[in-house]
Amino acid sequence: MTNSTPPQKNADRVTPLSRPLSILPGISVKNRLFKSAMSEQLADRNHVPTKELIHLYRTWAKGGTGLLVTGNVMIDRTALGEPRNVVLDEESDPSLFRKWAEAGRQNSTQIWMQLNHPGKQIPNFLSTEPVAPSAVPLGNGLEKTFNCPRELTQDEIVNIIRKFAWSAAQAKEFGFTGIQIHAAHGYLINQFLSPHHNRRNDQWGGTLENRLRFLREVYSAIRGAVGKDFPVGIKLNSADFQKGGFSEEDSMQVLQTLQSEGINLIEISGGNYENPSMVGANVRESTIKREAYFLDYAEKARARLQIPVVVTGGFRSAAAMEAALTSKAVDMIGLARPLAVDPHLTHKLLSDGNHKIALKKLTTGIPSLDFMAMLDVTWYEQQLARIGSGKPAKPNMSAWASVLKTLASVSLLSFQRRRA
Ligand SMILES: Cc1cc2nc3c(=O)[nH]c(=O)nc-3n(C[C@H](O)[C@H](O)[C@H](O)COP(=O)(O)O)c2cc1C
């Protein structure tokens with residue numbers, strides 16, 4: 001069977017994975033499988049969705065997953081995290097966004113748009129002067145490829161908040177069925193939350209209350225723009241796992257505050273570019289047994305929250321997913337890389353309790369090259385491009401082929417930008 005063929009086996013089996021989940025009165029997700037955001041890099045030069053991006057979401061919607069979160073959509077075209085990000089700002093052409101939403105709504109699927117601003121996590125070939133809460137450079141060797149950011153002014157902060165709300169209102173208008181705020185993985189909102197990255201001594205920095213102000217303002221502006229009956233979720237780090245960074249205690253308090261302010265769903269992840277725990281860097285042996293990297297944290301968070309909790313990172317087998325749901329630690333199972341190599345995985349998980357997916361260990365044998373080329377991300381983006389163009393994913397693609405492809409496209413882009 002190719003990875004594009006849906007399975008037929010035992011489609012009626014009873015499993016906690018197939019139970020619907022209510023998000024808001026009258027709005028529910030048809031099952032417990034949640035496609036976590038994956039930056040697809042399938043926008044065109046004007047940063048609008050391509051037909052490949054639309055085809056990718058139609059394929060995932062047919063694959064049976066209850067909720068699809070889009071890859072991060074940038075709210076400002078002067079702040080891209082990657083060259084081919086989708087951007088939803090005042091210059092965007094609406095028609096293709098409508099088609100993208102329509103493709104993702106097939107088969108009674110929810111499609112939520114993830115909104116993001118990268119802050120300082122912009123490679124230097126895309127921006128000479130990124131912005132951030134404070135002028136603190138990225139470390140861990142990344143200072144060579146990411147420029148030191150400039151501190152945002154008060155007016156710029158207010159303008160970014162406005163842009164988040166504007167993009168959210170547009171996404172709703174185009175037919176997306178929810179919004180997810182990206183507050184994880186070291187991007188701008190996470191930079192504000194982190195005492196390491198946020199050294200401000202005005203109302204936006206210092207105490208947790210102040211570091212949280214930016215996120216609260218973004219949430220409140222989005223809520224004001226989409227209304228109270230439209231789902232708004234958040235992706236938050238359980239911790240940055242970085243000395244002096246956003247801690248687990250901070251994270252728990254942020255979750256409780258957001259719940260009290262009316263957020264509808266929380267997705268838990270962790271890490272940032274300096275320490276990519278979101279894709280399993282430095283995972284403990286005890287964690288590997290339960291597959292999911294952030295399940296211990298989710299259990300503690302669950303005890304304090306009444307809204308749906310999703311945990312993402314590491315799930316590979318139906319058995320581990322069912323155990324996590326049965327334990328009540330989580331309400332939905334977040335999946336990213338598995339759905340990039342098998343867009344029909346959800347059908348298989350729902351129909352076969354023994355189904356598991358093994359992912360290739362990606363390395364060129366040179367760890368520093370793997371890290372700098374962000375192999376754990378770029379290899380999967382190349383799989384998404386294959387599915388988007390109607391080809392099957394290629395789970396055996398070599399790490400070297402992927403790194404060479406990435407380096408070639410980065411050199412081409414830097415060259416084009418120098419000429420522009
Ligand atoms: C190609 C790729 C792109 C990603 N892009 C995003 C993104 O845009 N937003 C986000 O929140 N997480 C992003 N992630 C992280 C995933 O959502 C997820 O947290 C991580 O891959 C762990 O889940 P998994 O073990 O199921 O892959 C990306 C991961 C990959 C592999």
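The values are calculated or read from the model by the stated rules, or taken from the named source; none is laboratory data. As the structure is a computational prediction, the values presented were derived from the model and not from experiment. A quick note on method: Cβ atoms are made from the backbone with ideal geometry, for glycine too, and the neighbour counts reach across all protein chains shown. Protein only, heavy atoms only, side chains kept; ligands, DNA and RNA dropped before computing areas. Shrake-Rupley method; radii C 1.70, N 1.55, O 1.52, S 1.80 Å.
Data table
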read-out: Candidates 229, 44, 202, ranked by Gaussian network fluctuation over the chain, Cα under 10 Å, top entry; value: 202
read-out: Neighbour net charge for residue 346 - beta-carbon separation under 11 angstrom, K R +1, D E -1; value: +4
read-out: Exposed-site-free run, longest, the chain (rule: GluC sites (Glu not before Pro); DSSP loop; at most 14 other C-beta within 10 Å); value: 92-260
read-out: Contact order normalised by residue count of the stretch 142-276, Cα under 8 Å, 6+ apart, percent; value: 29 percent
read-out: Listed residue (181, 303, 260) projecting farthest to the positive dipole end of the stretch 16-360, Cβ model; value: 303
read-out: Accessible area expressed per residue, the stretch 66-168, with surrounding protein chains retained (probe 1.4 Å, Å²); value: 35 Å²
read-out: Within a Gaussian network of the chain (alpha carbon springs, distance under 10 Å), most fluctuating of 80, 42, 21; value: 21
read-out: The stretch 34-120: trypsin sites (Lys or Arg not before Pro) falling in loop per DSSP and having at most 14 other Cβ within 10 Å; value: 45
read-out: Cα-centred dipole magnitude for the stretch 20-141, charges only on beta-carbon of K, R (+1) and D, E (-1), debye, nearest 20; value: 660 debye
read-out: Value at 222 nm in deg cm²/dmol, rounded to 500, when DSSP H runs of n ≥ 4 in the chain each add -39,500 (n - 2.57); value: -11500 deg cm²/dmol
read-out: Residue (of 393, 24, 109) at the positive-pole extreme of the chain, dipole from beta-carbon charges; value: 393
read-out: For the stretch 82-122, alpha-carbon Rg and Dmax in angstrom; value: 12.6, 38
read-out: Cβ-placed point charges (K, R +1; D, E -1), dipole of the chain about Cα centre in debye, nearest 20; value: 1100 debye
read-out: Carbon and sulfur %, accessible surface of the stretch 204-321 computed with the full protein complex present, 1.4 Å; value: 49 percent
read-out: Loop-located trypsin sites (Lys or Arg not before Pro) in the stretch 243-324, at most 12 other Cβ atoms within 10 Å (DSSP); value: 243, 284
read-out: Per-selection metrics, the stretch 210-352 (Cα): Rg and Dmax in Å; value: 15.7, 48
read-out: Percent accessible area from carbon and sulfur atoms, the stretch 18-144, protein chains only, probe 1.4 Å; value: 47 percent
read-out: Dipole of the chain, positive end: most advanced residue of 137, 364, 349 [Cβ charges, Cα centre]; value: 349
read-out: The chain: relative contact order in percent, alpha carbon pairs under 8 Å with at least 6 residues between; value: 18 percent
read-out: Anisotropy class of the stretch 281-420 from Cα gyration tensor, a/c 1.5 cut; value: prolate
read-out: Set of lysines near residue 120 by C-alpha distance (under 25 Å), chain-local residues within fewer than 8 positions excluded; value: 144, 163, 235, 243, 405
read-out: Normalised convex hull volume, the chain, alpha-carbon set, Å³ per residue; value: 131 Å³
read-out: Residues residue 153 and residue 27, FRET efficiency given R0 of 45 Å [Cβ-Cβ distance, rounded to 0.05]; value: 0.70
